[in-house]
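Worksheet for the structure shown next.
The values are calculated or read from the model by the stated rules, or taken from the named source; none is laboratory data. These numbers were taken from a predicted model, which means no experiment stands behind them. Positions of Cβ are backbone-derived with ideal geometry, glycine not excepted, and every protein chain shown enters the neighbour counts.
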Amino acid sequence: MAKPINKLTARGVETVKPTEVNKKHSDGGGLYLLVTPSGGKLWRFNYRFDGKEKTLFLKSYPDKSLADARTDRDNARQLLAKGVDPGAVVKALKEQEQVQKAIDANTFEKVAREWHEEKKQVWSANHADRLLHRLEVDVFPTIGNRPIVEIERAELVNELRRIAARTVETAIRLKVAFSGVFLHALNQGLIKHNPAADLKGIVPRVINKHMAAPTEPKKVAELVKAIDGFSGSYVTKCALKLTPLLFVRPGELRSMEWNELDLDAAEWNIPAVKMKMKKPHLVPLSTQAVDILTDLHRLTGTGKYVFPCHRSPLTCMSENTINASLRRLGFDKDEICAHGFRAMARTLLHEVLNFPPDAIEAQLAHAVPDRLGNAYNRTQFIAKRRQMMQVWSEYLEGLKKGAKVLPFMAKAA
């Protein structure tokens, strides 16, 4: 004769009192309520499978009602009738739930921030900040909360095309970021394939334009005279005056730190982390450059940066300051930009002042190997470069004072 089931009542379960020891209250069919001395009411289901006594631990009351506990019991008995262990099913479901929680937790934004935090150690602060800003503005609002394992190539393609419709350059940079983020996820075992492995042809190529810069001595004379007459901030004026003298990249100049300078030796040692090619660079300083920096040291020498931000001295000058100052001087962006001083120096140093291209390229910190295939190091051609930087400063000084400009040299046939 089958044992009766459904012995308990909802009211009885609610009002049952604890005793000094654990006490089982059977509902039949293997289901019972275990009442602990502390008042806990725990649902349990006892069964036999493969010749072994087993117990299925269900949720406690009142999180699981009597009716729900009976449903769990009946479902478990149906599995047993089919030769399936209900405990193994519950365990598998819990494992699947944990996996899903991990999937849901590893969103694109979370993984992207982890990747960014890891990589920013070798990036310049400016590049790291700009890239994170691009992700926060253009990507996180759309796919940031999506589990990274669920993102497919088509979704990334749509993102890049949407961004490219507004700005191709940003789309190009984010395409590189996508590759980095998903490679990081692959290496961490968060995904099994990289949907960003091949995104070629998605973003239109940008036709590089030459940076605007005057290369005729008369035009250069007008520019250096205008800079000398700049009436804005003294710190900005010093940065403007050093820009043509040193012709480094704008980000390298504005992030110049006092501890990188040796004014007695007339040298500026730029660490690798600040350089585009991630190699340290030596900039010989002319007497004119040393004089500017010596004067400026009285004003900003107690801080970290040579050109601190006027709003926050703990950060360096804004990336827009030099270009904005050039616009203030009346020079259009098609005439000169901060990066254009490099092209100006390269042209005039070779074609007017007759310095060899190898020394010029080394001073520009370009990754061009020498004739033996060796990459430039920080001190290569240093003697010639010291001479070149002094001659260059004197040449610009002469243009500013109205000296007769030298004609362009005729190129050898």
Can you spot a residue in the stretch 37-57 that is touching a helix residue (DSSP H, G or I) at 6+ places or on another chain (Cβ under 7 Å), within 25 Å of GLU20 (Cβ to Cβ) and among the aliphatic types (A, V, I, L, M)? no
Across (1) loosely packed, with under 13 Cβ neighbours inside 10 Å; (2) of a type outside the set (Val, Ile, Thr); (3) within 33 Å of the chain's Cα centre (by Cα), GLY229 clears everything bar (3)
The stretch 225-306: helices (runs of 4 or more DSSP H) wholly inside it with 1 or more residues that are among the β-branched types (Val, Ile, Thr) are 234-246, 287-300
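Within the stretch 14-40, take every residue that is over 15 Å from ARG77 (Cα atoms) and in contact with an Asp or Glu (Cβ under 9 Å, 6 or more places away or on another chain) and give me the one that is surrounded by the most Cβ atoms within 10 Å (Cβ to Cβ). Reasoning before the result, please.
So the first thing to find is which residues in the stretch 14-40 are over 15 Å from ARG77 (Cα atoms), and the list is 14-26, 33-40.
If we keep only those that are in contact with an Asp or Glu (Cβ under 9 Å, 6 or more places away or on another chain) too, we end up with 33, 37.
Numbers: LEU33: 22, PRO37: 11.
Per the criteria, the residue is LEU33.
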Of the conditions (1) farther than 23 Å from ILE227 by Cβ; (2) outside any helix (DSSP H, G or I); (3) in contact (Cβ under 8 Å) with a residue 24 or more places away in the chain, the single one that PRO313 does not satisfy is (3)
Practice item. Examine the stretch 198-219 for a residue that is part of a helix (DSSP H, G or I), in contact (Cβ under 8 Å) with a residue 40 or more places away in the chain and either of a type in the set (Val, Ile, Thr) or closer than 30 Å to ILE163 by Cβ (or both), and state whether such a residue exists. Key: no
Checked LEU80, LEU42, LEU33 against criteria (in a strand (DSSP E or B) and touching a residue at least 24 places away in the same chain (Cβ under 8 Å)); the one match is LEU33
(request) Take ALA226 and decide whether it is outside the structural domain of GLU335 (by TED's automatic domain parsing) and modelled with pLDDT under 95. (result) no
Being touching a strand residue (DSSP E or B) at 6+ places or on another chain (Cβ under 6 Å), among the β-branched types (Val, Ile, Thr) and either surrounded by 14 or more Cβ atoms within 10 Å (Cβ to Cβ) or without any contact (Cβ under 8 Å) to a residue 24 or more places away in the chain (or both) narrows VAL290, VAL283 down to just VAL283
**Q.** Residue match in the stretch 200-219 (condition: modelled with pLDDT of 90 or more, farther than 14 Å from SER325 by Cα, touching a helix residue (DSSP H, G or I) at 6+ places or on another chain (Cβ under 8 Å) and not acidic (Asp, Glu))
**A.** no
inquiry  = I'd like to know if the stretch 88-102 contains one or more residues that are among the basic types (Lys, Arg), outside any loop (DSSP other than H, G, I, E, B) and over 29 Å from GLU14 (Cβ atoms).
reply    = yes
Flagged pairs (Cβ under 7 angstrom, 6 or more apart or on separate chains; first in the stretch 125-149, outside the structural domain of VAL273 (by TED's automatic domain parsing); second among the acidic types (Asp, Glu) and surrounded by 18 or more Cβ atoms within 10 Å (Cβ to Cβ)) are VAL139/GLU159; PHE140/GLU109; THR142/GLU159; ILE143/GLU159; GLY144/GLU109; ASN145/GLU109
When the stretch 284-315 is checked residue by residue, the ones that are aliphatic (A, V, I, L, M) and touching a Phe, Trp or Tyr at 6+ places or on another chain (Cβ under 9 Å) are LEU285, ALA289, LEU293, LEU296, LEU299, VAL306, LEU314
Checklist entry - Would the stretch 251-269 turn up any residue that is among the polar types (S, T, N, Q), in contact with a strand residue (DSSP E or B) (Cβ under 8 Å, 6 or more places away or on another chain) and crowded, with 20+ Cβ neighbours inside 10 Å? => result yes
When the stretch 137-148 is checked residue by residue, the ones that are surrounded by fewer than 18 Cβ atoms within 10 Å (Cβ to Cβ) and farther than 20 Å from VAL203 by Cα are PRO141, GLY144, ASN145, ARG146
Taking the stretch 58-77 and keeping only residues that are of a type in the set (A, V, I, L, M), buried (at least 18 other Cβ atoms within 10 Å of the Cβ) and over 49 Å from the mean Cα position of the chain (by Cα), one is left with LEU66, ALA69, ALA76
Those residues of the stretch 123-154 that are closer than 20 Å to LEU186 by Cβ, out of contact with any Ser or Thr (no Cβ under 9 Å at 6 or more places or on another chain) and of a type outside the set (A, V, I, L, M) come to a total of 3
